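S.K.: This is the structure I have questions about; it appears just below.
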Amino acid sequence: MTFYLWLSAMAPIILIGFVLFYPAMLGGGIVFGVTVPLDFFQTAPGRAIRRNYLTLATLIVLLSVGAVTAAMLAHRMLAAHLSGLVELALGLIAWSGAHRATRRYAIKVPLVRSARLSPSRGTGSAIAWQAAALIPLLLAGAYLRAHWSEIPVRFPVHWNAAGHANGWSSRTVGGVFGPLLVGAATELLLLAFTAVGPMGRQYEGGNSPKSLSGTMATIAWLISALFGGVALLPFRGSTSLPLFLSLAPALILILLAAAFYVQMRGRRKEAAGEPYDGTPDSKWHGGLIYFNSEDQAILVPKRFGYGWTLNFARPVAWLLCALVLVLAAGSIAFRHSR
Amino acid sequence: METPLLIRVVLDGPTPVYRQVVDQIRVLCLDGRLEPGRKLPSVRQLAGSLGVHFNTIADAYRTLADEGWLEVRQGRSAIVRKRSEPKQPSQAALAQHGSRLRNLVAELRSHGFSKEWIMSEVKDTLEGGLQ
């Protein structure tokens, strides 16, 4: 069991490590959020910036792996997860330094954008698939309601590093239906992102918001299985950590790492045809946050990392952020109310 | 399976985006790559993808609809129409487009393009599908 927990703790480190090394894998075009010549890494300043960044990224990842291993050996799960956050913070500092250094070599290129001349077919069916993922949660809710009297008065909801229960909930509406509500709210948020998908930028490389909607549907079903399973845990006699729960975080992060790899491959292919993203550097804050009131797209490809980011000049982007915050605040309030 | 067709616009180029969209779709319709019955993205989708204002795409689609290339329905995808033989151009249209063509030839000549190159490009374009 400890092995699975260790894997769960290491997975974020591996994923963040991927993200940290990502800019160094780029060939040119947009580097550290800055538009530079395609042969930037063949120039002396480009090589120096990449070398410095790689050295720093290696040190950060090694330090984090050391910290998480020490924390796991001492059975300090919280410290193990915190080291991931520290790694992320250090990574942002490293990124910021490289971004500032690269900015001196920025160039201006024509703002070229491309789009497929076909309707975003598939979005409707992806939305239907995602919406269908709510059904298992509803069924689990109906089952819980029908077997209410069989639910123990007190049941485990949190486990320590050794897999023993250390957090309990009681047979109340919030305690029993809470996981289902959190799962449903998360899925509704994903649905909102899929719905605005067609309002995002598409590229020849195949990483369009349309292909993203398929991934979203898969994630929605995983969430459904996870939260539906958790909601039914009170019927389980044992208080030890179920195997599927200890594996779930690692599984989700492995999937994310795979998506990251696919995205990176897509970006390389995309860069072969169109190395720049059709957005001016001046509209990117720190190379990470996009704010362009002249751009109607809500989702635009990130300049760093994988996936899309929001165009914060669009009110819908703030609405989506507010939804995420409400969801996070709701989850915290729910945990404290028990 | 339909081949994915792309439209590419230069936002800070000398030609307005509206004109670039109209020109590219018209060429694709003329050379048969956009066959009748094929659905195009809705105004909202295409504007979102290119990150340009809805009105820019709406105006482009309207122009193409007026020319008989597209059928545009509110809130739905635009469809490429089977275009019947265009009617004879009016005198005004002949004068307007003749002037545009002369201006373009003059611009090309001033940029150093040879008469032979212009002739061969026009010939290739006409013979390559734009008939």
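The values are calculated or read from the model by the stated rules, or taken from the named source; none is laboratory data. All values derive from a computational prediction rather than experimental measurement. Here Cβ is always computed from backbone atoms with ideal geometry, including for glycine, and neighbour counts include all displayed protein chains.
S.K.: Within region A:47-71, which residues are within 18 Å of A:Leu15 (Cα to Cα) and crowded, with 18+ Cβ neighbours inside 10 Å?
M.R.: A:Tyr53, A:Leu56, A:Ala57, A:Ile60, A:Val61, A:Ser64, A:Ala67, A:Val68
S.K.: Given the criterion charged (D, E, K, R) and either under 29 Å from A:Phe291 (Cα atoms) or modelled with pLDDT of 90 or more (or both), identify the matching residue among B:Arg83, B:Arg62.
M.R.: None of the others qualify; the one that does is B:Arg62.
S.K.: Among the residues that make up region B:88-105, is at least one of them within 12 Å of chain A (Cβ to nearest Cβ) and surrounded by fewer than 18 Cβ atoms within 10 Å (Cβ to Cβ)?
M.R.: no
S.K.: With A:Leu88, A:Leu111, A:Leu137 as the choices, which residue is more than 30 Å from A:Pro179 (Cα to Cα), hydrophobic (A, V, I, L, M, F, W, C) and either within 14 Å of chain B (Cβ to nearest Cβ) or touching a residue at least 24 places away in the same chain (Cβ under 8 Å) (or both)?
M.R.: Residue meeting the stated conditions: A:Leu111.
S.K.: What about B:Thr56, is it part of a loop (DSSP other than H, G, I, E, B), more than 7 Å from chain A (Cβ to nearest Cβ) and either at pLDDT below 90 or out of contact with any Gly (no Cβ under 8 Å at 6 or more places or on another chain) (or both)?
M.R.: no
S.K.: Residue by residue through region B:20-34, note down the ones that are surrounded by 15 or more Cβ atoms within 10 Å (Cβ to Cβ) and assigned to a helix (DSSP H, G or I).
M.R.: If the condition is that a residue be surrounded by 15 or more Cβ atoms within 10 Å (Cβ to Cβ) and assigned to a helix (DSSP H, G or I), then B:Gln20, B:Val21, B:Val22, B:Gln24, B:Ile25, B:Arg26, B:Leu28, B:Cys29, B:Leu30 are the ones that fit.
S.K.: So B:Gly37 fits all but one of (1) surrounded by 13 or more Cβ atoms within 10 Å (Cβ to Cβ); (2) in contact with a strand residue (DSSP E or B) (Cβ under 9 Å, 6 or more places away or on another chain); what number is the exception?
M.R.: B:Gly37 satisfies all of (1) surrounded by 13 or more Cβ atoms within 10 Å (Cβ to Cβ); (2) in contact with a strand residue (DSSP E or B) (Cβ under 9 Å, 6 or more places away or on another chain) except (1).
S.K.: Across region B:59-69, what is the total count of residues that are more than 11 Å from the chain's Cα centre (by Cα), farther than 22 Å from A:Val112 by Cβ and part of a helix (DSSP H, G or I)?
M.R.: Selection size over region B:59-69: 3.
S.K.: A further question follows. Regarding region A:22-33, can at least one residue be identified that is closer than 30 Å to A:Ser282 by Cα, more than 26 Å from the chain's Cα centre (by Cα) and away from every other protein chain (no Cβ under 14 Å)?
M.R.: There is no residue in region A:22-33 that is closer than 30 Å to A:Ser282 by Cα, more than 26 Å from the chain's Cα centre (by Cα) and away from every other protein chain (no Cβ under 14 Å).
S.K.: Something else about it: Can you run down the residue pairs with Cβ atoms below 6 Å, 6 or more apart or on separate chains, where the first is in region A:270-296 and away from chain B (no Cβ under 14 Å) and farther than 17 Å from B:Val10 by Cα and the partner is modelled with pLDDT of 85 or more and part of a helix (DSSP H, G or I)?
M.R.: Cβ pairs passing all conditions: A:Gly287/A:His99.
S.K.: Test each condition in (1) touching a helix residue (DSSP H, G or I) at 6+ places or on another chain (Cβ under 7 Å); (2) assigned to a loop (DSSP other than H, G, I, E, B); (3) within 14 Å of chain B (Cβ to nearest Cβ) for A:Ala106 and report the one that comes out false.
M.R.: (3)
The rows are residues; the columns are (1) assigned to a loop (DSSP other than H, G, I, E, B); (2) modelled with pLDDT of 85 or more.
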{"site": "A:Asp295", "(1), (2)": "yes, yes"}
{"site": "A:Gly305", "(1), (2)": "yes, no"}
{"site": "A:Leu310", "(1), (2)": "no, yes"}
{"site": "A:Cys321", "(1), (2)": "no, yes"}
{"site": "A:Ala328", "(1), (2)": "no, no"}
{"site": "A:Ala333", "(1), (2)": "no, no"}
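S.K.: Are any of the residues in region A:221-242 in a helix (DSSP H, G or I), modelled with pLDDT under 70 and under 22 Å from A:Val324 (Cβ atoms)?
M.R.: no
S.K.: Mind checking which residues of region B:16-34 are within 12 Å of another protein chain (Cβ to nearest Cβ) and either without any contact (Cβ under 8 Å) to a residue 24 or more places away in the chain or more than 20 Å from A:Arg201 (Cα to Cα) (or both)?
M.R.: Listed by number, the residues that qualify are B:Gln20, B:Gln24, B:Val27, B:Leu28, B:Cys29, B:Arg33, B:Leu34.
S.K.: Does B:Lys82 satisfy the criteria of being in contact with a Pro (Cβ under 9 Å, 6 or more places away or on another chain), surrounded by fewer than 13 Cβ atoms within 10 Å (Cβ to Cβ) and of a type outside the set (Asp, Glu)?
M.R.: yes
S.K.: Could I ask something else about it? Suppose we filter A:Ala89, A:Ala80 for residues that are farther than 30 Å from B:Leu70 by Cβ and surrounded by 14 or more Cβ atoms within 10 Å (Cβ to Cβ); which single one remains?
M.R.: Exactly one of A:Ala89, A:Ala80 is farther than 30 Å from B:Leu70 by Cβ and surrounded by 14 or more Cβ atoms within 10 Å (Cβ to Cβ), namely A:Ala80.
S.K.: In this structure, does A:Pro179 turn out to be in contact with a strand residue (DSSP E or B) (Cβ under 9 Å, 6 or more places away or on another chain), more than 14 Å from chain B (Cβ to nearest Cβ) and either assigned to a helix (DSSP H, G or I) or buried (at least 18 other Cβ atoms within 10 Å of the Cβ) (or both)?
M.R.: Judged against the criteria, A:Pro179 is a match.
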